[in-house]
Amino acid sequence: MMEIGVLDLEQLPTIKPINTLVFHPGRCVNCGMCLQVCPHRVFTPGERRVRMVNGADCMECGACQKNCPANAIEVDSGVGCASAMIIAALKGRDEVKCGEDCCR
Amino acid sequence: MSSDYASDLLPTVARLGKEERRDHAKARLGFDRMGHRVRPGLYTLGSPNRESKVLVTANYTLSFDALRSALVGRDAFLLVLDTQGINVWCAAGKGTFGTDELLKAIEATLLAERVEHRDLILPQLSAPGVSAKAVKEGSGFTVKYGPVRAEDLPEYLDIGECTEDMRRARFDLRDRMVLAPVEMRNYRWGLILMLLAAVLIPFYGLMAMILTLGGLFLFPVLLPYLPGKALSFKGMVLGALLVTPFALFQTFPTADLVTVIAVVAEYLLLVPWIGYLALNFTGSTPFASRTGVKKEIFTYIPIMAIMSVSGAFLSAFGALGVVGGWL
Ligand code: SF4
Ligand code: SF4
């Protein structure tokens with residue numbers, strides 16, 4: 001069974017829900033950091049690696065990516081704020097930023 | 001803003017007084033938005049010793065006060081980062097509550113000389129800005145993420161870890177209610193215009209104003225009960241609900257063609273307006289992802305635009321008809 005486990009490790013497919021979150025289970029070292037930081041409980045503990053269970057709930061905050069020591073999680077983090085995006089679109093800016101006196 | 005960390009220890013207390021309450025009220029109402037700052041540095045709460053916990057927060061008064069008031073009766077160090085007066089979550093997103101700032105604060109406050117241990121407790125919502133690994137490499141301190149909410153800190157400190165519930169971002173009635181006053185300030189010019197309009201054309205000006213205020217205050221309260229998933233859709237439903245009493249008032253018991261045109265135009269103009277107000281709440285919810293909001297903008301902005309333009313044409317048509325005498 002062990003060999004299958006190892007083979008498995010290499011062939012674990014990356015998991016990608018509808019947003020920009022991508023999980024590479026093969027790289028996970030089961031440190032539990034993502035379980036600590038995710039405010040939407042996207043990951044759940046597993047025997048040898050965590051499992052991504054609520055990918056669709058991800059708000060793309062980037063906390064898990066920033067704190068994963070194994071680069072097992074990728075997410076295009078950004079501001080989920082319509083006002084900021086609309087302002088950026090109107091001003092022809094690509095990058096969406098919170099305004100000086102918005103976002104408190 | 002230059003970051004001037006106090007190199008001396010700064011004493012503080014857990015109990016908040018009148019002054020803090022006044023500051024919080026102002027912050028909640030959106031006054032002096034950048035002015036609610038605490039001096040960055042290392043604070044002593046009670047009388048901490050070299051083994052006492054170190055809790056990290058932002059130098060926004062509401063963040064700092066939420067932290068210290070949760071720790072009544074405890075001795076601890078509070079490390080306040082210079083986030084330029086911005087709360088933990090937003091500052092983490094912008095990177096001002098980040099690895100570099102934390103390393104800078106640790107150094108500037110001589111933290112390593114003041115405590116024996118090497119543990120820091122950070123709010124969970126600061127994690128988008130902080131890399132625990134980089135902090136460890138840069139300072140030797142281990143980052144532990146505490147609960148999302150300061151109010152859960154006593155339990156966390158007592159049991160030494162977070163429950164699943166403490167780790168989850170919630171959006172309770174209280175969290176939602178505080179959004180309305182600040183949002184209202186964002187639309188103050190529009191509201192003043194509507195007030196002027198109310199003087200000139202009483203019914204419509206008043207209606208627009210009541211609907212806008214209704215949207216701003218009722219939307220966050222009713223959020224979980226409105227149908228649909230997209231905030232814009234929920235807002236449009238609320239808009240339709242709010243226009244209906246006015247429409248009934250106008251058309252009951254009988255209505256001529258002009259009134260019918262006016263009522264249809266009201267729906268076409270006000271439903272997308274409340275939908276738009278609702279869409280702008282996305283930034284304040286702890287759920288919206290950038291992908292989701294983008295999708296929502298692309299789906300609903302065109303619908304709202306088409307509705308408003310048809311509503312505007314219909315109103316113009318109706319007005320011309322009345323003036324021209326052919327309606
Ligand atoms: S980006 Fe944020 S919400 Fe999404 S999985 Fe990572 S920590 Fe959770
Ligand atoms: S933070 Fe990365 S390595 Fe650690 S458990 Fe999560 S995915 Fe695995």
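Overview of values
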quantity	calculated
Contour excess over end-to-end distance, with Cα ends at B:F217 and B:F252 and 0.36 nm allotted per residue	9.8 nm
Calculated FRET value between B:K295 and B:R22, using beta carbons and R₀ = 45 Å, to 0.05	0.60
Estimated inter-spin distance, A:V29 and B:E113, nm [label 7 Å along Cα→Cβ]	3.4 nm
Anchor A:K91: lysines whose Cα lies under 18 Å away (excluding residues fewer than 8 positions away in-chain)	B:K294
Protection-proxy order for peptides B:127-138, B:80-91, each taking the mean of Cβ atoms within 10 Å per residue, highest first	B:80-91, B:127-138
Contour excess over end-to-end distance, with Cα ends at A:V53 and A:R41 and 0.36 nm allotted per residue	3.5 nm
Relative frequency of Cα-Cα separations exceeding 22 Å in the range B:175-324, percent	42 percent
Cα convex hull of the range B:10-170, projected area averaged across orientations, nm²	8.9 nm²
DSSP-defined antiparallel bridges as percent of all bridges, the range B:10-170, nearest 5	30 percent
Debye intensity ratio in log₁₀ form over the Cα atoms of the range A:17-90, taken at each q of 0.20, 0.22 Å⁻¹	-0.77, -0.90
Spread of Cα-to-Cα distances over 10 Å intervals beginning at zero, given as percent, for the protein assembly as shown	4, 19, 26, 22, 15, 9, 4, 1, 0
Distance violations [Cα-Cα > 27 Å] among B:K104/B:K133; B:K53/B:K136; B:K234/B:K295; A:K66/B:K229	A:K66/B:K229
Neighbouring partner chain Cβ atoms per residue of B:83-92, average, 10 Å criterion	2
Quotient of Cα Rg and 2.2 N^0.38 Å for the range B:231-294, N being how many residues it contains	1.42
Inter-site label distance for B:A312 and A:D76 at 7 Å from Cα along Cβ, in nm	3.2 nm
Reciprocal mean inverse distance between Cα atoms of chain B - Kirkwood radius, Å	22.7 Å
Helix B:202-222 vs. chain B, principal-axis angle (Cα, 0 to 90°, nearest 10)	40 degrees
10 °C / 1.306 mPa s Stokes-Einstein diffusion coefficient of the range B:93-227, Kirkwood radius on C-alpha pairs, µm²/s	85 µm²/s
DSSP bridge pairs, the protein assembly as shown: antiparallel proportion in percent, nearest 5	45 percent
Cα-based helix-to-principal-axis angle, B:99-108 vs chain B, degrees rounded to 10	40 degrees
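Rule-based calculations on the coordinates, nothing more; no lab input. For clarity, every value in this text was computed on a predicted model and none was experimentally measured. All Cβ positions, even for glycine, are placed from backbone atoms using ideal geometry, and neighbour counts span all protein chains on display.
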